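Okay, so here's the structure we're looking at.
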Amino acid sequence: MAELVLSHLKKSYDGKQVLHGVDVTLPDGHFVVIVGPSGCGKSTLLRMIAGLEDVTEGTISIGGIVMNDIDPADRGCAMVFQNYALYPHMTVRQNIAYPLRIAKVAQAERDRRVEEAAAILNLTEYLDRRPAQLSGGQRQRVAMGRAIVREPEVFLFDEPLSNLDALLRVQMRIEIKRLHKRLKATSIFVTHDQVEAMTLADTLIVMNGGRVEQIGSPAEVYRKPASVFVAGFMGAPAMNLIDASVDVDGLVALDIAPHLPVAEAQGVAKGTPLVLGMRPEAITLSFDSSRGLPATVDLVEELGGSRVAYCTVNGRELAVVLPPSDERYEGREVYLQFDRRAWHLFDRTTGTRLDNLVQPRASTRRLAEA
Ligand SMILES: Nc1ncnc2c1ncn2[C@@H]1O[C@H](COP(=O)(O)OP(=O)(O)O)[C@@H](O)[C@H]1O
Ligand SMILES: [Mg+2]
């Protein structure tokens with residue numbers, strides 16, 4: 001059993017702190033994805049778990065044993081890197097067997113494990129080739145094979161699909177998911193790609209600037225982002241995030257449309273700087289001038305199954321998802337209506353989510369006009 005616990009984990013390089021205290025408990029057998037922008041500390045965190053970087057402060061435990069001072073080879077972790085790190089002069093068989101040779105595993109056992117891993121990864125017919133004779137996807141599978149033969153308790157993946165083209169990336173993503181269903185080992189997968197993160201994770205950890213912003217299921221993180229950062233990072237097209245304020249009556253309005261309050265905020269002081277978030281799919285666009293906020297469509301992006309209209313309202317851009325149609329929107333005056341149940345409210349100063357929004361009361365005259 002390999003529950004993984006990170007406790008107050010900190011890391012500094014030459015006095016410069018890059019991880020500011022990470023606290024995470026990962027249940028045995030979970031597939032966890034750490035997602036965040038480049039430079040937020042994902043690789044550092046993974047390398048610390050693997051034992052490739054020292055811990056500045058805090059503890060890492062796997063299966064109840066503190067690993068801080070344990071040799072990387074004895075931690076029960078196997079890591080797969082973005083650049084595959086294969087030996088070019090060795091065959092696929094030799095590459096996959098390499099960690100077992102280093103660990104002095106007997107030849108018969110070595111052969112058994114290599115054959116088994118190759119079968120799982122559809123590499124059997126390539127065992128005698130060298131890496132140069134393989135496609136990118138096959139090379140990445142060899143790198144995974146090298147991790148599998150170690151029969152680790154924890155798999156660590158550091159952006160393993162980033163070097164592959166888009167189609168292959170989707171295929172490998174599905175393969176990794178299948179592999180996890182079969183092997184059931186605790187897995188930590190690091191990526192900067194939020195689509196990859198959403199699709200792979202049982203549990204998602206969103207990081208920013210060396211801190212954990214949110215931990216939750218992909219659906220929770222999408223539906224209830226804990227901060228402005230998470231709201232803007234997860235989801236494509238990105239959530240519209242617009243400055244807003246609360247007036248004397250406790251009504252919240254966008255700064256770009258102060259005369260159209262969108263909701264009531266209970267327990268938020270007047271004048272508190274806010275950000276209102278609205279997913280592009282929660283806005284509808286019409287030509288009916290009797291309702292909604294006037295806007296101009298600047299650009300429409302065709303996505304096949306849907307389209308995204310980029311509209312301007314008082315100098316601010318708002319993305320709106322449109323159903324597929326042949327209607328031409330570019331350059332036209334339109335009216336935007338908001339699904340008021342789908343607003344996300346954030347404190348602009350701290351960036352944290354506020355759950356103080358309430359459904360507008362029918363009796364509120366100004367709201368009824370909106
Ligand atoms: N060996 C190192 N020495 C000094 N700074 C480092 C070293 N490795 C990483 N960093 C810094 O730590 C931060 C986090 O890096 P990294 O973990 O690689 O981010 P990510 O994998 O999320 O892109 C970055 O600011 C990076 O410059
Ligand atoms: Mg990295």
Checklist outcome for this item: Set Lys16/Lys270; Lys181/Lys224; Lys10/Lys270, cut-off 31 Å on Cα-Cα distance; pairs above it are Lys16/Lys270; Lys10/Lys270
Item to check | Value at 222 nm in deg cm²/dmol, rounded to 500, when DSSP H runs of n ≥ 4 in the chain each add -39,500 (n - 2.57) | outcome: -7000 deg cm²/dmol
Checklist entry - When the Karplus curve 6.51 cos²θ - 1.76 cosθ + 1.60 is applied with θ = phi - 60°, which whole-Hz ³J(HN,Hα) does each residue of region 155-171 get, with x for Gly and Pro? => result 9, 10, 10, 9, 6, x, 9, 5, 8, 9, 6, 4, 5, 5, 4, 5, 5
Checklist outcome for this item: Taking Lys and Arg as +1 and Asp and Glu as -1, residues besides Phe229 with C-beta under 10 Å from its C-beta add up to 0
Checklist entry - Relative to the Cα centre, what is the charge dipole magnitude of region 4-229, using +1 at the beta carbon of each Lys and Arg, -1 at the beta carbon of each Asp and Glu, and rounding to the nearest 20 debye? => result 500 debye
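Which percentage, to the nearest 5, of the DSSP beta bridges contained in the chain is antiparallel?
Of all bridge pairs located within the chain, approximately 75 percent are antiparallel.
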Checklist outcome for this item: Once amide hydrogens are built 1.01 Å from N within the peptide plane, the residues lying 5 or more places from Leu345 or on another chain with amide H under 5 Å from its amide H are Gly277, Leu354
Item to check | Point-to-point label distance, Asp243-His20, nm (Cα→Cβ direction, 7 Å offset) | outcome: 2.3 nm
Checklist outcome for this item: Scalar couplings 3J(HN,Hα) for region 342-349 by Karplus 6.51 cos²θ - 1.76 cosθ + 1.60 (θ = phi - 60°), nearest whole Hz, x for Gly and Pro, are 9, 6, 10, 10, 10, 7, 5, 6
Item to check | Alpha-carbon radius of gyration plus Dmax, which is the widest Cα pair, for region 237-369 in Å | outcome: 15.1, 46
Next on the checklist: Running a GNM on the chain with Cα contacts under 10 Å, which residue among Thr186, Thr203, Thr296 ends up with the highest mean-square fluctuation?
Outcome noted: Thr296
Checklist entry - What is the Cα coordinate range of region 22-68 on the first, second and third principal axes, sorted by size from largest, in whole angstrom? => result 31, 25, 17
Checklist entry - Mind listing the phi-derived Karplus ³J(HN,Hα) values for region 181-198, rounded to whole Hz, using 6.51, -1.76 and 1.60 with θ = phi - 60°, and x for any glycine or proline? => result 4, 7, 8, 6, 7, 3, 10, 10, 10, 9, 7, 9, 9, 5, 6, 4, 5, 4
Item to check | Inter-part distance where region 44-58 and region 257-292 are each reduced to a Cα centre, Å | outcome: 44 Å
Checklist entry - Taking the highest mean first, how do the peptides 289-295, 204-210, 344-350 order by number of other beta carbon atoms within 10 angstrom per residue? => result 204-210, 344-350, 289-295
Checklist outcome for this item: Sorted largest first, the C-alpha extents of the chain along its principal axes in whole angstrom are 81, 49, 35
Checklist entry - What are the residues whose amide H is under 5 Å from the amide H of Asp298, where those residues sit 5 or more places off or on another chain and H is modelled from the backbone? => result Tyr310, Cys311, Thr312, Gly331
Checklist outcome for this item: Once amide hydrogens are built 1.01 Å from N within the peptide plane, the residues lying 5 or more places from Ile34 or on another chain with amide H under 5 Å from its amide H are Phe189, Val190, Thr191, Ile205
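Just so you know, all these numbers are worked out from the coordinates, no wet-lab data involved. Computed from a prediction, not measured in an experiment: that's the story for all the values here. So basically every Cβ, Gly included, is an ideal-geometry build from the backbone, and we count neighbours across all protein chains shown.
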